[in-house]
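Trainee: Please see the structure below; I have some questions.
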Amino acid sequence: MSALLMPNEILSMSAQAARLIVESGDGDGALLYLALLECGGEAERAAARLRWGEDRLRPAWERLAALGLARPRAETPPPPPPQDDRPPEYSREEITAAQEREPVFQGLRREMESRLGRVLSDNDLKCLYTMYDHLGLPAEVILLLTGWCVQRERRQKNNPAASPRMPALQKEAFRWKRLGLDTLERAEEFLRREEGVDAREWAILSAVGVAERRPAVGREREFIAAWVDMGVSDELIRLAYERTVYQKGAMNWPYMNKILQSWRKAGYRTAAQVEAGDRPPQRQVRPGRNQPRDFQPSQERIRESADWLDKFLEEQKKGGG
């Protein structure tokens, strides 16, 4: 048996390891192996890098071990407790002291008041300090989150002066933390993707039969973001919508999503490709030995046939037949 190809013993993937992973067809195993290479073979660090739970990490690790790409784990640590979205109860004195001792937080408060157009109340400051202290989000990430939420609020309410409340910003900050958007680079990358979804949101809603202009609701937004990531054109979305309504009698987002996924898997990028792929192949008929090549007789052949028929009938008449 060949030696184990341990990630902490090499600095790059060997051809043998690549071949084993490719032949296994295991996507999670491939991702885990790459994370292990980056993290020196430490399972917990790799899991944190991938932001996987134990329920996803364990089977991927076991598959790598079965391939000889990792040693079996001696024991499985208990799954981490779910993150508690309940904010800590900061006192007014703690918030006041933080503003006095922490100039970054003090500057953050002033900038937030400027962007929101109002003086922050005591409860607002508690929300802001929860984002800054409890979640550990950098000030620039909090400001980026705030600017994005302000734009979204104004677009949804069609009001250029609308502004989100601090509890809503705090809720979004917890979501960003769960998504790992705790650095400026990751937050900017996330917002670039969201801007791409924003640019196509109404066009896609229109393509699926929404008549009155409005923002997408949560579940709709998830599907729209997935289709934008897939690179699906408005033309294909419209065709998938028509087929969904034909089959279901109404718009059905999950059903339509399956249609688009199947087309993407088949390599269809245009409506013409879909139509061609759905049309049964034309049977090519080749003339055989007993099949005439020309089914349309010429004028000369028509006249010859008519003369022969006249002659035949005349002879039958003379013979009394």
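Trainee: For the structure I just gave you, tell me whether GLU23 is among the acidic types (Asp, Glu), modelled with pLDDT of 70 or more and either not in a loop (DSSP other than H, G, I, E, B) or not assigned by TED's automatic domain parsing to the domain that holds LYS177 (or both).
Mentor: Yes, satisfied.
Trainee: Can you tell me which of ALA173, ALA187 is touching a residue at least 12 places away in the same chain (Cβ under 8 Å) and closer than 21 Å to GLU89 by Cα?
Mentor: Exactly one residue qualifies, and that residue is ALA173.
Trainee: Still on this model: Could we say that VAL197 is in the same structural domain as ARG238 (by TED's automatic domain parsing), more than 23 Å from ARG110 (Cβ to Cβ) and surrounded by fewer than 15 Cβ atoms within 10 Å (Cβ to Cβ) here?
Mentor: Criteria not met by VAL197.
Trainee: Which of the residues that make up segment 152-183 are more than 18 Å from TYR129 (Cα to Cα) and surrounded by 15 or more Cβ atoms within 10 Å (Cβ to Cβ)?
Mentor: If the condition is that a residue be more than 18 Å from TYR129 (Cα to Cα) and surrounded by 15 or more Cβ atoms within 10 Å (Cβ to Cβ), then ARG152, GLU153, ARG154, SER163 are the ones that fit.
Trainee: Name the one entry in ALA187, ALA211 that is of a type outside the set (Lys, Arg), over 22 Å from GLN261 (Cα atoms) and not assigned by TED's automatic domain parsing to the domain that holds GLN273.
Mentor: None of the other options fit; the residue is ALA187.
Trainee: Okay, next question. Check GLU185, GLU140, GLU195 and return the single one that is out of contact with any Asp or Glu (no Cβ under 7 Å at 6 or more places or on another chain) and modelled with pLDDT of 95 or more.
Mentor: Criteria check complete, one pass: GLU140.
Trainee: Going by the structure shown, is ARG49 in a helix (DSSP H, G or I) and modelled with pLDDT of 70 or more?
Mentor: Taking the combined requirement at face value, the residue satisfies it.
Trainee: Further question on the same structure: Give me a count of the residues in segment 129-155 that are part of a helix (DSSP H, G or I) and under 26 Å from ASP198 (Cβ atoms).
Mentor: 18
Trainee: Of all residues in segment 192-246, which are touching a Gly at 6+ places or on another chain (Cβ under 9 Å) and closer than 16 Å to ALA271 by Cα?
Mentor: TYR241
The values are calculated or read from the model by the stated rules, or taken from the named source; none is laboratory data. Computed from a predicted structure; not experimentally measured. A quick note on method: Cβ atoms are made from the backbone with ideal geometry, for glycine too, and the neighbour counts reach across all protein chains shown.
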